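Before any comments, here is the structure.
Values in this text are rule-based calculations from the coordinates and carry no lab data. What you are looking at is a predicted structure, and each value in this text was computed from that prediction instead of being measured. A quick note on method: Cβ atoms are made from the backbone with ideal geometry, for glycine too, and the neighbour counts reach across all protein chains shown.
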Amino acid sequence: MRDANTAFANAVVDEWARAGVTHAVVAPGSRSTPLALALARDHRICVHVVVDERSAAFRSLGIARGSGRPAVVCCTSGTAAANFHPAVVEAHHGRVPLVVATADRPPELRDTGAGQTIDQSHLYGRVVRWFADPGPPEDRPDAGAVWRSFASRAVAEAAGPPAGPVHCNLPFREPLVPTGAPLVEAPGRPGGVPWTVSHRARRAPDDATVAQLAALVRTNPRGVLVAGWGTGAPAATIERFAAAAGWPVLADAVSGVRAGPHAVSTYDALLRARSFAAAQTPTLALQVGAPLTSKVANAWLDAVPTILVDPDGVWLDPTRRAGHRVEADEAALLAAVADALGAPAADRWFEAWRAAEARARAALDCALDEPGAVCEALVARDLSAMLRDGTALVVASSLPVRALEWAMAPRSGVHVFSNRGANGIDGFVSTAIGVADAGWSTVAFAGDLCFLHDTNGLLGADAPVTFVVVDNDGGGIFTYLPQRDLPEFERLFATPTRVDLVDVSRAHGARAERVDDLAAVNEPHDGVRVLVVSADREHSAARHRAMWDAVGQAIDAAE
């Protein structure tokens, strides 16, 4: 009898490599043996072995996010597959191309009490682009075409548009190791091409849409361009549109476009000044990417008519303020509208924003430079400013991403990555290591709870990543929320751990030290390095309030 398991796995992995897959993460197990061996024995694919399935999935997600191409994550059957779920959710909402390969028991062992067997059919529900279960590999005349078409489609569906996770549920019968028998024949296309070559076409804007948007911009000189995470247009195109429109750009730090003379980096602090917020209310907003992280800014924009631009037609509109939706490539649309607008516009609207940005930036920096306890905004400002061009800055959800939004000055050259699809803190360590695996020089910025949530991701990691961890012994974000006034605050929300992060990091194989400044961030190093910065939650909150007050006073003094 010919060996179908080995032939199937070899054909699938060969097809994935032909389609451009270069990285796979394997969580060890028995039932996945055929696929794991095929991945490990294919020299075109770099295989990373991660013992914790949740960490493995986020490692793969980080690789895919950093490379922009599908990555594979593979596990055995049972609860191993369930542990992939958080990363699958993030890949769905964050539009990250991920091929999730879960080994499974064959159909005859399901619902029989067989060990390590659960119902894995559609395990991830509606958060996958495609689900497929090709059944146990069998020796049949059309096997090669069936297997290769399945594998080729998996990569194409993950790549999108829109990009996202696919779930390949792969049942294997024993024997799981190669038998030595001849393999089922499953040749690929000549010349090493994929079985099916998929062409990704972006939606170009039509002339009528461009003319309509240009007219809206002309009749609304008091407008703003809002750029959140997932912005698909480069900073140069954003700046070109803003110059033609005469609009400021409110660019979230994770948007990748907080750069150029039209970028207003202090909008969160500025909009806390009521007089400024009222005087500078726009009549139109054009949003690319997701909404801003700032609750203050989103509340201010709540009553502003909005044009929502998304190439995949996703409704990133939680406040329902969008009056127009445009399904088009953001870069092509903004460039076309800028051409239609003609010569750059200049008037008092943008000049008022530019003057306010200058005053607010000076006041914010002065407040942060005052002697005092370390706070998250100070770390975020200094870290984002000192990184070398070409560095990936991976920032955690919760307080770090907000601190970066509050304090990061406009600059180019630093690529910011963040799991903002579902906004969770889980899997952060593994995501950052995955970004480094994709080839980036990587620095990661997190809080202590987020870091502790995924310390298993440190095990066996050798990518050169520097983690900057602000240790305020608990959930600092809750200090800014109404829960802070509850008598159960410390126990249920702040949740201090009393854990020494340096000891924990070293126990997981990473170099670690507690530091007073960030001078070591740009020093070359091998492997994972953890720099712990101590902070006090209450002192940090007080410093942030002083920062916002300083900006408000500077704006009031200028009026």
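Rank these for me by crowding, His167, His262, going from fewest to most other beta carbons within 10 Å.
His262, His167
Quick one: length gained pulling Thr495 to Glu108 fully straight, 0.36 nm per residue minus the C-alpha distance?
Result for the pair: 134.7 nm of gain on full extension.
For a quick check: sort Asp52, Asp207 by the number of other beta carbons within 10 angstrom, fewest at the front.
Taking fewest neighbouring Cβ atoms as first place, the list is Asp207, Asp52.
Between rounded, prolate and oblate, where does the stretch 207-347 land on the alpha carbon gyration tensor, with a ≥ b ≥ c its root eigenvalues, rounded for a/c under 1.5, else prolate if a/b exceeds b/c?
Numbers: a/c = 1.40, a/b = 1.24, b/c = 1.13.
In terms of gyration-tensor shape, rounded.
Net charge near Lys295: determine it from the other residues with C-beta under 12 Å of the C-beta of Lys295, scoring Lys and Arg +1 and Asp and Glu -1. Display every interim value, and only then the final one.
Numbers: positive: Arg272, Arg402; negative: Asp268, Asp302, Glu405.
Every neighbour counted, the sum reads -1.
For q = 0.06, 0.09, 0.11 Å⁻¹, what log10 I(q)/I(0) does the chain give under the Debye formula with an equal point scatterer on each alpha carbon and no solvent?
These q points yield log10 I(q)/I(0) values of -0.33, -0.72, -1.01.
Considering the options Pro524, Val416, Ser398, tell which one lies farthest towards the positive end of the dipole of the stretch 374-535, charges being +1 on Lys and Arg and -1 on Asp and Glu at the Cβ, about the Cα centre.
Val416
Might you report the magnitude of the Cβ-based charge dipole of the chain about its Cα centre, with Lys and Arg at +1 and Asp and Glu at -1, to the nearest 20 debye?
Dipole about the Cα centre, nearest 20: 940 debye.
Taking K and R as +1 and D and E as -1, what net charge do the other residues with C-beta under 13 Å from the C-beta of Arg240 add up to? Spell out each step's value before the answer.
Numbers: positive: none; negative: Glu239, Glu330, Asp339.
Once all neighbours under 13 Å are counted, the net charge is -3.
Each residue of the stretch 173-180 in order: what ³J(HN,Hα) in whole Hz does its phi give by Karplus 6.51 cos²θ - 1.76 cosθ + 1.60, θ = phi - 60°, with x for Gly and Pro?
8, 6, x, 8, 8, x, 8, x
Enter the Cα centre distance for the pair the stretch 114-183 and the stretch 285-361, rounded to the nearest angstrom.
After rounding, the separation between the Cα centres reads 42 Å.
Run the dipole for the stretch 207-347 about the Cα centre, Lys and Arg Cβ at +1, Asp and Glu Cβ at -1, nothing else charged, and hand back the magnitude in debye, nearest 20.
I would put it at about 560 debye.
Could you pull out every residue, at least 5 positions away or on a different chain, whose amide H is within less than 5 Å of the one on Phe467? Hs are placed 1.01 Å off N in the peptide plane, and Pro or chain starts have none.
Residues meeting the amide H criterion: Ala444, Arg529, Val530, Leu531.
Can you tally the net charge around Pro86? Count Lys and Arg as +1, Asp and Glu as -1, for every other residue whose Cβ sits under 9 Å from the Cβ of Pro86. Display every interim value, and only then the final one.
Working: positive: Arg54; negative: Glu90, Asp426.
Neighbour charge sum, excluding Pro86 itself: -1.
Once you have a ≥ b ≥ c as the square roots of the Cα gyration tensor eigenvalues for the stretch 112-213, tell me rounded if a/c is under 1.5, and otherwise prolate or oblate according to whether a/b is larger than b/c.
oblate
Could you give the angle, 0 to 90 degrees to the nearest 10, between helix 4-18's Cα long axis and the longest principal axis of the Cα atoms of the chain?
The answer is roughly 30 degrees.
Pull up all non-local amide H partners of Cys46: gap of 5 or more, or a different chain, and H-to-H distance under 5 Å with H placed in the peptide plane.
His23, Ala24
In debye, nearest 20: dipole of the stretch 374-535 around its Cα centre with unit charges on the Cβ of K, R (+) and D, E (-)?
280 debye
Rounded to the nearest 500 deg cm²/dmol, what is the calculated helix-only ellipticity per residue at 222 nm for the chain, with -39500 (n - 2.57) per DSSP H run of length n ≥ 4?
Details: 19 runs with 207 residues, N = 559.
Using -39500 (n - 2.57) per qualifying helix, the result is -11000 deg cm²/dmol.
Amide H of Phe417 versus every other amide H placed in the peptide plane: which residues, excluding those fewer than 5 positions away on the same chain, fall under 5 Å?
For Phe417, whose amide H was placed from the backbone, the distant partners under 5 Å are Leu393, Val394, Val395.
Classify the stretch 334-447 as rounded, prolate or oblate from the Cα gyration tensor: take a ≥ b ≥ c as the square roots of its eigenvalues, call it rounded if a/c is under 1.5, otherwise prolate when a/b beats b/c and oblate if not.
Working: a/c = 2.26, a/b = 1.31, b/c = 1.73.
It is oblate, given that a/c is not under 1.5 and a/b is not larger than b/c.
HN-Hα J couplings of the stretch 449-460 from phi, Karplus 6.51/-1.76/1.60, θ = phi - 60°, integer Hz, Gly and Pro as x?
5, 4, 4, 5, 5, 9, 5, 4, x, 6, 5, x
Starting with the fewest neighbours, write out Thr391, Thr431, Thr231, Thr497 ranked by other beta-carbon atoms found within 10 Å of each beta-carbon. Could you put the intermediate results ahead of the total?
On the way: Thr391 19, Thr431 31, Thr231 25, Thr497 14.
Taking fewest neighbouring Cβ atoms as first place, the list is Thr497, Thr391, Thr231, Thr431.
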